[in-house]
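> This structure is in structure tokens; I'll ask about it shortly.
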Amino acid sequence: MILKPRIVAVLGKEVARDVLSLADADMVEVRLDLVEGDCLEVMKAVRKATNLPIIATNRLKSDGGQFEGSEEDRIELLAKAAFFADYVDIELSAEQRTELMGSVNRPAIVSYHNFACTPGQEELHSILEEMKGSGAAIAKIAVTSTCLRDTLEILGLLLEAEMPLCVIAMGEMGRHLRAVAPLYGSVLTYGYVSRAAAPGQMSISELRQAQRLLDPASATCWSDPAKRMPASIALNL
């Protein structure tokens, strides 16, 4: 299935302010591990503030998250937040991944993050196959590029993928891929509203500008709020 790329606005500590500035976004990710206050009340407020599809994420510390509680508490909060979301993001390495995916009635984005390097093609394909076997609706692979050849490895994986895949090259060396990867089929690209949440992240306005320049047909379709899919059928999955 070929899907149109979506620009995802990442909401964290400044969620109350940032949720009012989503004109360049197609979807929203609420980073529960970054927000302050009652996370479920924040999810309710975001749900009321926008009709864009919402991804609930409570990032594992080893994958770059900041949640301070136990793993059981992290998964429990994510499961509760899923009620107000359209998708849940769960790490491939999470011990309770299968249990969470079985308990929430939401499509899962199964994610992998590597802040040290870009694995070789064999390992990348193995990761993607494990994600496919897990029942993921979307696979998300975020790695760190240390040279331009790394970005080619990631694009190669994207071109061969047999399921919806989001690829991200973290760091300055791979920053351009956040704008370019959607041209090769990456279904999601993540941007910040007021503060970057990951190395090399672009703002949603920068991503939209790049989309208008590189893929005007796609930009015309998804930047017009009147033409966005309702949350209930986002990505047609």
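The values are calculated or read from the model by the stated rules, or taken from the named source; none is laboratory data. This structure is a prediction, so every number in the text was calculated from the model and none was measured. A quick note on method: Cβ atoms are made from the backbone with ideal geometry, for glycine too, and the neighbour counts reach across all protein chains shown. Accessible surface areas use protein heavy atoms only, side chains included; no ligands, DNA or RNA. Shrake-Rupley method; radii C 1.70, N 1.55, O 1.52, S 1.80 Å.
> Can you tell me the FRET efficiency between GLU99 and HIS176 if r is taken as the Cβ-Cβ distance and R0 is 41 Å, rounded to the nearest 0.05? Before the final figure, lay out the partial values.
On the way: r = 38 Å, r/R0 = 0.92.
Rounded to the nearest 0.05, the efficiency is 0.60.
> What's the carbon and sulfur percent of the chain's accessible surface, probe 1.4 angstrom, rounded to a whole number?
Carbon with sulfur: 53 percent of the solvent-accessible area.
> Also, quick follow-up: Please find the FRET efficiency linking GLN209 to LEU148, where r is the Cβ-Cβ separation and R0 is fixed at 35 Å, and quote it to the nearest 0.05. Walk me through the intermediate numbers first.
Numbers: r = 23 Å, r/R0 = 0.65.
Given R0 = 35 Å and the Cβ-Cβ separation, E is 0.95.
> Longest exposed-loop-site-free stretch of the chain, with GluC sites (Glu not before Pro), DSSP loop and at most 13 other Cβ within 10 Å?
Details: sites that count: GLU36, GLU68, GLU95, GLU162.
Longest site-free region, per DSSP loop and neighbour criteria: 163-237.
> If you wrap the range 13-66's Cα atoms in a convex hull and average its projection over all directions, what's the area in nm²?
Details: hull surface 14.8 nm².
Orientation-averaged projected area of the Cα hull: 3.7 nm².
> Here's another thing I want to ask about it. Return the single residue from THR118, THR144, THR50 with maximal mean-square fluctuation; model: Gaussian network over the chain, springs between Cα atoms under 10 Å.
Comparing THR118, THR144, THR50 in a Gaussian network model of the chain, the most mobile one is THR50.
> While we're here: Just the accessible area per residue of the chain, please: how many Å² with a 1.4 Å probe?
Details: 10600 Å² over 237 residues.
Per residue, the chain has 45 Å² of solvent-accessible surface.
> Over the chain, what is the relative contact order in whole percent, taking alpha-carbon pairs under 8 Å and six or more residues apart?
Taking the mean separation of contacting Cα pairs over the length of the chain, I get 21 percent.
> Once you keep just the Cα pairs under 8 angstrom separated by 6 or more residues, what percentage relative contact order results for the range 47-184?
On the way: 206 pairs, mean separation 24.4, N = 138.
18 percent.
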